[in-house]
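The values are calculated or read from the model by the stated rules, or taken from the named source; none is laboratory data. What you are looking at is a predicted structure, and each value in this text was computed from that prediction instead of being measured. Don't worry about glycine lacking a Cβ; one is built from the backbone with ideal geometry, like all the others, and counts go over all protein chains shown. The protein model used for the area step is the full one, side chains on, heavy atoms only, and it has no ligands, DNA or RNA in it. Shrake-Rupley method; radii C 1.70, N 1.55, O 1.52, S 1.80 Å.
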Amino acid sequence: MEGATQLVSVVGQLVGEEYRTLRSVGGQVAELRNELATMNAVLRMQSDSDDGSVDHFVREWMNQVRELAYDAEDCIHLYIFRVRCRPNDRFFVWSRRLLSTLFPRRRLAGEIRELRARAVVISERHSRYGLIREAPLRSASLAPAPRTMTHALRATNDPEQFVGISEQAKLLAAKVEKLDDNKERKVFSVVGFGGLGKTTLAMEVCRQLEASFDRQAQVSVSQTFDGRKDLKALLKRMLQQIVNVKPHKEKGIKEEDSLTLGQIDEMNLDALTSTMEEKLMDNRYLIVIDDVWTIASWEAIQSKFPRNNNGSRIIVTTRIDNVAKACSPGSDCIHEIKPLDIEDSKKLFLSRAFGSKDASCPKELEAEMGKILKKCAGLPMAIVSIASLLASYQLAESTDMWERICRSIGSEMESNPTLDGMRQIVTLSYNHLPHHLKICMMYLSIFPEDYVVFKDRLLHRWIAEGLVEEKRGLTLLEVAEGYYKELMSRNMIDPAPFASNYDNGGVETCRVHDMILEVMVSKALEANFASLVGCQYVGMSYDKIRRLSIHGIEQGANDLSPPPKKMPAGRHGRRDVMEGMDLKHVRSFSMFEPEGHKLLDRLGEFTLLRVLDLEGCRSLTYKHLRDICRMYLLKFLSIRGTDINEIPPSVGDLEHLQTLDARHTYLEYLPETVINLEKLERLLFSKRNTWSPTWQPPSGISRMKALREVNSIVIRDNIQVAKEIGDLEGLQGIVVHVEAESQIHEEVCKHLAASLCRTNALRWLSVGDTENSSDSNLDYLMDLRSPPQLLRYFRFDGCLSRLPDWVGSLSYLVEFCMSNGRLEGDQPFAVLSKAPNLRIMRLQRHFYSGDKLVAQSAHNFRALKEMRVSCEAGFPSVFSFEEGSMTKLETLELNFGKNQKSIEGVEHLKKLKEVHLLGMKDNPTLKSALEHLKEDSDGRSNDNNQFVVGVKYYR
């Protein structure tokens, strides 16, 4: 007690009157937090407003508020993680911490005063220049009136406009016109991102079907449509078209309508509704409702159309999948408009740039045309816009202009009137996003052009950056999943194909269309949301960097940025791209440069870093990792695909780390200190070119209470680890193998089985043994007392005497994989057919020991849509499908290798859409199977249920 009194006395003597000021830092931080909340509210108001409704003065003022908010947030984080005393600290710890943080507190107090002073100055500037308006930030509901149909759906006789659309129009017109026994009104939806030609397609369908419908009308809704305010005007426009003189089907007869346009204009909503019913009830009508943005808008409009039994049709165009599903229940009435293929893209480009789709492009310009078409990725609006811009530069010597425009499409969209329409189309979709999705969408500007983004990587980066809002009853990952699905539904991001992953089946990936990415980059740079270096961002300089992304540095990287103002280029040359940049405000750093960058040597300067993504960076060294392990605020760390072979023990000091991705490295092990990471949720580890798990966790893994996902555990002689796995209450995914030759193998397996019964939150599970022997090493799973009932993905990698019966009781199971099982008889189908929601089955090497694998009629798979058999071994040699076994199967993949194999009963797979065969080109049984499959598909032509057959040969 005497020592404590002496310490307090020393503190008092050191700081005197200033001590009271420093003690108030916590209160000042609380005040600053309130200021930050107000700033974020103002910024959110701007985000929710239309792009065109905020003038340049207000926009600049908002940028100043945003920068102040960034700095305030940095200040608060520094206080929380470096200065604030913890509530549970004892007196000596509290006093020692108070003394050790004396000077940081003093500096922090000064920074808070400066920030609050800046806030006052910004507020005064707002008033001084008269920027306060009656409504400075108009909401989207006050946007201009909807565009007229004559502008949006202008008709043209130019055949070039239908390049790539004509075939789709014929198919859709045939569906729309077709009458069956049920002549009720049907609604067809055309869905796809803006600029794909939805309106053009709908209007071409109307033109082709003009003679088949008594009444036609086309109206455009808008992003801001309000059923209470705008419905009356929309019905007037529709009724004006319906009452127009129209030739009757019988030649020489015309219908005249006595209702005048003036009378329609004077009608109220009730009169319009009753008149619509009167004019349409006894006629077959075709109505196009263009550009529907919300389900509420559709419900308000569709209620005004009479339901008759004359085969009437409505065509809705929308950018949003969920709206299309609400308008047209049933996938047969939804048409997903496709981007143009490369040939049609080229024809459309040539028709706009050179006057005809049959024109030839000068050889000197062909390479640049290819780059432009790749960037447009089949988006007609983008192709037409850029080709129109280049129409004045048709000569071979125009190569430089073509190359310059291709390189700077993003900046051209901001300033060139010819590309302004393309920017407006993308911006319209962006403006319609709610605030939280706008930020998440803008975040994709960090990734390079054409980059395939792993969904899990993106979602956990969003979370680490604080972009995901908390919602009661949901985890942050579940909220982030909702964000992702919403962006996918709105066609702002597209799914990208990617090969299956050994660890956890198929992995979901996405991409952003280049034109959308250009607009996102523009907005990110304008808001100082991200700073991009390399490739097309050569020469750009930044003040305060918040999110730094290196997009690949070409040769001459040291000459990328302009010289500093005090260093004339003529005397000193041009400095390194990063030299002189202040990195202390960077909160995320992403490296998309495999060879690395000198910036890695400055990792110690990233004091506020939350996200560090160095995936694929081969220049990363142990020294760099030591700097990384001092980043106290770090939440997301990826060293995936690097050449690292050791991690410092100090990694255990990263107390706030949530994700550690160390897959596909040269690491043999992880330091034991990793169990100190009590906030770690994802631990991903694998050695390059090694498929089996290799990490042997030490005793004490149960301390990692936040752990949700761990993909590489092997247990040898540690019974304690087998027990502690069951203590991880939040565990949702695990890959765990047991050393088959362990002296206490049976004891380890017994405790592991008991632990798996206690992991009630488990969603995906992969179990195996390290030897893959013919002994039934996985039979310890046969009689689990309480198997994890929430499993969605399940994988066996080892020998079993039979598939456990409880697998068939997993009502949530979606995907099942097996290798080295060496099953026989009616296994595995007899058990798996009982799983009610199983959609994907992957059967891999040595999964079966019998000669013939039969899907029997008794094996009625209720939901199975995809089966992939990649077993190259000789067994099974015959795949047979009996009638009624796999009635929902759509995709079938079989690997013949070099062995003699055959397929029987494909004719019983009525829903089959695609068959993929793999094997050696000189395998006669593969050739025979291919011929039989083609015959079977051709025989289905009358039923309109043919399937596609593909083959991939090994070299």
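Dividing the C-alpha radius of gyration of the range 850-955 by 2.2 N^0.38 Å, with N its residue count, gives 1.02.
Both numbers refer to the Cα atoms of the range 627-676; Rg and Dmax are 10.3, 27 Å. Amide hydrogen proximity for Met920: with H placed 1.01 Å from N in the peptide plane, the residues at 5 or more positions away or on another chain lying under 5 Å are Gly897, Lys898, Tyr954. Just grab the label-to-label distance for Lys888 and Leu474, each label 7 Å out from Cα along the Cβ direction, in nm (one decimal). Distance between label points: 2.5 nm. In this structure, the amide hydrogen of Leu778, modeled 1.01 Å from its nitrogen in the peptide plane, lies closer than 5 angstrom to those of Cys799, counting only residues at least 5 positions away or on a different chain.
So between Lys338 and Ala359, what do we pick up on full extension, going 0.36 nm a residue minus the alpha carbon distance?
On the way: separation 21, 0.36 × 21 = 7.56 nm, distance 2.46 nm.
Taking 0.36 nm per residue and subtracting the Cα distance, the gain is 5.1 nm.
In this structure, the residue pairs whose Cα-Cα separation is over 23 Å, taken from Lys175/Lys375; Lys279/Lys304; Lys834/Lys911; Lys852/Lys898; Lys455/Lys911; Lys347/Lys913, are Lys175/Lys375; Lys455/Lys911; Lys347/Lys913. Modelled this way, with points 7 Å down the Cα-to-C-beta line, the labels at His435 and Asn309 are 5.3 nm from one another.
The residue among Phe794, Leu707, Gly768 whose Cα reaches farthest toward the positive pole of the charge dipole of the range 695-812, with charges on the beta-carbon of Lys, Arg, Asp and Glu, is Leu707. What fraction of the Cα pairs in the range 322-415, stated in percent, has a spacing above 19 angstrom? The proportion of pairs with Cα distances above 19 Å equals 44 percent. Take each peptide in 275-287, 758-770, count the other Cβ atoms within 10 Å of every residue, and average; sorted highest first, the result is 758-770, 275-287.
D for the range 746-866, whole µm²/s, Stokes-Einstein with Kirkwood Rh over alpha-carbon pairs at 4 °C and 1.567 mPa s: what number? Mind showing how you got there, number by number?
On the way: Rh = 14.5 Å.
For these conditions, the coefficient is 89 µm²/s.
The range 176-203 and the range 299-320 have Cα centres spaced 10 Å apart.
Can you tell me the mean projection area, over all orientations, of the convex hull of the range 282-334's alpha carbons? Units nm², please.
Projected area, direction-averaged: 3.7 nm².
State to the nearest 20 debye the size of the charge dipole of the range 828-883 about its Cα centre, where the only charges are +1 on K and R beta carbons and -1 on D and E beta carbons.
Working: 8 positive and 5 negative charges, 60 e Å.
With Lys and Arg at +1 and Asp and Glu at -1, about 280 debye.
Label sites at Lys911 and Gln856, each approximated as a point 7 angstrom past Cα along Cα to Cβ, lie 2.3 nm apart. The average projected area of the range 597-680, computed from the convex hull of its Cα atoms over all directions, is 4.6 nm². Between the amide H of Met492 and any residue lying 5 or more places away or on another chain, no distance stays under 5 Å, with hydrogens modeled in the peptide plane.
Note on Tyr953: accessible area is roughly 90 Å² with a 1.4 Å probe, heavy atoms of protein only. Think of a 1.4 Å ball rolled over the protein heavy atoms: the range 744-790 then has 44 Å² of accessible area per residue.
Would you kindly state how much longer the chain becomes between Lys175 and Met488 on full extension, computed as 0.36 nm times their sequence separation minus their alpha carbon distance, in nm to one decimal? Don't skip to the end; give the middle numbers.
Details: separation 313, 0.36 × 313 = 112.68 nm, distance 2.64 nm.
Residue separation times 0.36 nm, minus the Cα-Cα distance, leaves 110.0 nm.
Using Cα pairs under 8 angstrom and six or more residues apart, how large is the relative contact order of the range 352-402, in percent? If you can, show how the numbers build up before the last one.
Details: 35 pairs, mean separation 28.8, N = 51.
Computed over the range 352-402, the figure is 57 percent.
When only Cα pairs below 8 angstrom with a gap of at least 6 residues are kept, the range 626-700 shows a relative contact order of 30 percent. By its C-alpha gyration tensor, with a ≥ b ≥ c as the square roots of the eigenvalues, how is the range 179-246 shaped: rounded for a/c under 1.5, else prolate for a/b larger than b/c, else oblate? The shape class here is oblate. With all pairs of different C-alpha atoms in the average, the Kirkwood value for the hydrodynamic radius of the range 672-724 is 11.6 Å. About its Cα centre, the range 657-810 has a charge dipole of approximately 660 debye under the convention of +1 per Lys or Arg Cβ and -1 per Asp or Glu Cβ, with nothing else charged.
Pair-distance distribution P(r) for the range 617-747, from all Cα-Cα distances in 5 Å bins starting at 0: 2, 11, 20, 25, 20, 13, 6, 2, 1 percent.
Using a Förster distance of 41 Å, how high is the FRET efficiency between Ala706 and Asn283, based on the Cβ-Cβ distance and rounded to 0.05? Efficiency, from the Cβ-Cβ distance: 0.05.
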